[in-house]
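For reference, the structure discussed in these notes is given below.
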Amino acid sequence: GIQVEQSPPDLILQEGANSTLRCNFSDSVNNLQWFHQNPWGQLINLFYIPSGTKQNGRLSATTVATERYSLLYISSSQTTDSGVYFCAVDPFYSNFGNEKLTFGTGTRLTIIP
Amino acid sequence: DGGITQSPKYLFRKEGQNVTLSCEQNLNHDAMYWYRQDPGQGLRLIYYSQIVNDFQKGDIAEGYSVSREKKESFPLTVTSAQKNPTAFYLCALAGLYGYTFGSGTRLTVV
C-alpha cells in the first residue's frame, strides 16, 4: 500500500517562531489532508489539499502532487499550536467506493512560551 | 447539534468481555470509518462502510466487528478475540472536502 512519511518527528520551538512540516508519499493521491490532534485527542481538519496551495490565517499548506510531497507552514507560533500534526492520503489507485485514508506517524510540535 | 458523535468518551472493559462503541452522524454521509490509535502512533484503519448493509475490513480488522443497519449509525464491537484492545478509537465520515472525525473513545482493559 501507499507509504506516508512525515518529518521531523518532533519539533520544539519558542513562541513566535515559524515552522515547516513535511509529508512525503509514495504514490499518486486523490486526497491529502492535514490534521491537528489536540491534547484531548480531537483531530481537527486543517486542510484538504490534494494539490496546490491554501492558506487559513497563520497556517498554509502546499502540495506538489507531481513530486509527491506536501508542506504545512505555521507562522508566528502560539502555545495553542502544540500537539501532533498528521498528514493523511487516499491513493489515486483506490476504486470508487473504496476510498480510505492512510496516515503518517505525525510530527509532535511543542511551543514553549 | 450537527456532526458526528462518539460515545462513551471513556470505557473500561474486563478481559474476556465484548464491548460496543457507538458512532452516530446526522450529516447524511454515506461513508463511515473506524480507526485505532495507540500511544505515540498514527491511526490505523479497522473497518469502513461506504453504504448501508455493506462494510469492508481495513488493515487491522481481526478481533473487531461492525454493523451498518442504518445510515446514521456505525457501531464497533471490540470482541474478546482482540488481544490488545486498550487504545483510542476514532470514528470518521467522508465528505466532499475530506474526512471529519468524532471526539473518540478511550478503551482500557482492566
Taking only segment B:70-83 into account, find how many residues are assigned to a loop (DSSP other than H, G, I, E, B) and either touching a residue at least 24 places away in the same chain (Cβ under 8 Å) or touching a strand residue (DSSP E or B) at 6+ places or on another chain (Cβ under 7 Å) (or both). 7
May I ask you to list pairs of residues, at least six apart or on different chains, whose Cβ atoms are under 7 Å apart, with the first in segment B:93-110 being on the phi > 0 side of the Ramachandran plot and the second being in a loop (DSSP other than H, G, I, E, B)? B:G104/A:G41
Looking at (1) in a strand (DSSP E or B); (2) within 26 Å of A:Q33 (Cα to Cα), which is the only condition B:S65 fails? (2)
Give me the strands (runs of 3 or more DSSP E) completely within segment A:33-85, filtered to those with at least 3 residues that are closer than 30 Å to B:Y10 by Cβ, ordered by residue number. A:43-48
Over segment A:50-67, the set of residues surrounded by 17 or more Cβ atoms within 10 Å (Cβ to Cβ), over 17 Å from A:S19 (Cβ atoms) and modelled with pLDDT of 95 or more is A:T63
For the subset of segment B:23-43 comprising residues that are assigned to a loop (DSSP other than H, G, I, E, B) and buried (at least 16 other Cβ atoms within 10 Å of the Cβ), which member is nearest to the chain's Cα centre (by Cα)? B:A31
Quick one: in segment B:99-110, of everything that is assigned to a loop (DSSP other than H, G, I, E, B) and open to solvent by less than 10 Å² (accessible area, probe 1.4 Å), which residue is nearest to B:S7 (Cα to Cα)? B:G104
Here is a check on your reading of the model: is B:A31 within 14 Å of chain A (Cβ to nearest Cβ) and not β-branched (V, I, T)? yes
Meets criteria (facing chain B (nearest Cβ under 10 Å), farther than 30 Å from B:V52 by Cβ and either touching a helix residue (DSSP H, G or I) at 6+ places or on another chain (Cβ under 9 Å) or surrounded by 14 or more Cβ atoms within 10 Å (Cβ to Cβ) (or both)) for A:T105: yes
For segment B:67-98, which residues satisfy the criterion of being open to solvent by less than 20 Å² (accessible area, probe 1.4 Å), within 14 Å of chain A (Cβ to nearest Cβ) and farther than 16 Å from B:T5 by Cα? B:A87, B:G98
Do we have any residue at all in segment A:15-28 that's open to solvent by 60 Å² or more (accessible area, probe 1.4 Å), closer than 30 Å to B:N53 by Cβ and either touching a strand residue (DSSP E or B) at 6+ places or on another chain (Cβ under 6 Å) or not polar (S, T, N, Q) (or both)? no
Take B:I46 and tell me if it is assigned to a strand (DSSP E or B) and either surrounded by fewer than 18 Cβ atoms within 10 Å (Cβ to Cβ) or of a type in the set (A, V, I, L, M) (or both). yes
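The values are calculated or read from the model by the stated rules, or taken from the named source; none is laboratory data. Everything quoted here is computed from the prediction, not taken from an experiment. A quick note on method: Cβ atoms are made from the backbone with ideal geometry, for glycine too, and the neighbour counts reach across all protein chains shown. Note: areas computed on protein heavy atoms with side chains; ligands, DNA, RNA excluded. Shrake-Rupley method; radii C 1.70, N 1.55, O 1.52, S 1.80 Å.
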